[in-house]
Every structure is written in C-alpha cells, then in structure tokens.
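Notes follow once the structure below has been shown.
The values are calculated or read from the model by the stated rules, or taken from the named source; none is laboratory data. The shown structure was predicted, so the numbers you read here are calculated from the model rather than taken from an experiment. No Cβ is skipped: glycine too gets one built from the backbone with ideal geometry, and neighbour counts run over all protein chains shown. When the accessible area is computed, the model is the full protein with side chains, heavy atoms only, and any ligands, DNA or RNA have been set aside. Shrake-Rupley method; radii C 1.70, N 1.55, O 1.52, S 1.80 Å.
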Amino acid sequence: MASVLVRPRSGKVLAGVCAALADRFGISRGLVRVAFVLFGLFGLGELAYIVLWILIPKAPSAGRAA
C-alpha cells in the first residue's frame, strides 16, 4: 500500500484516478475501474472522477529529485 495518494505517470487509462486509488489502498486497479463504472451508472461517478482528477496530484517524474 502506497503512503501517498498521487496519480501515476504509467499504468493509467484516462487520468490515473483509479490507478491512484488502487495503489493507495492496495486493491486491484480493475476492481476500482469497475466500481467507478457502476457508480457512474447508478450515481455520481463521473462527477467524483473529475473532482478527484483535479484534487489528486501527479506523481513526480522519475528524473526529478524529491
């Protein structure tokens, strides 16, 4: 389980929100993606995804010192 919530630069499909959540909580990226699709069909998944896209920062690039 990752200690920081950041959107990865690789392994993402759209914006990396599902990958970030899956990495942070140690669950399958596919499971998180399916949950967002279902939440989008039956709730406010699209709005939640856009808000998280804005709020979750991108991971620093590999060549950049922390």
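Of the residues LEU47, GLY30, VAL4, the one whose Cα sits farthest toward the positive end of the charge dipole of the chain, with +1 on the Cβ of Lys and Arg and -1 on the Cβ of Asp and Glu, is VAL4.
Sorted on the mean count of surrounding Cβ atoms within 10 Å across their residues, most packed first, peptides 40-47, 19-26 read 19-26, 40-47. Phi angles of the range 12-28 translate, via the Karplus equation with coefficients 6.51, -1.76, 1.60 and θ = phi - 60°, into HN-Hα couplings of 9, 9, 10, 10, x, 5, 5, 5, 5, 5, 5, 5, 5, 9, x, 10, 5 Hz per residue; Gly and Pro are given as x. Stick to the Cα atoms of the chain, pair each with every other, and give me the Kirkwood hydrodynamic radius in Å at one decimal. One decimal place: 12.3 Å for the Kirkwood radius. Rolling a 1.4 Å probe over the heavy atoms of the protein chains gives the chain an accessible area of 70 Å² per residue. Residues whose amide H falls under 5 Å from that of ARG7, counting only those 5 or more places apart or on a different chain, are LYS58, ALA59, with hydrogens built in the peptide plane. Taken about its Cα centre, the chain carries a charge dipole of roughly 260 debye when the Cβ of each Lys and Arg holds +1 and the Cβ of each Asp and Glu holds -1. Counting charges near TRP53 (Lys, Arg +1; Asp, Glu -1) among other residues having Cβ under 12 Å from its Cβ returns a value of +2.
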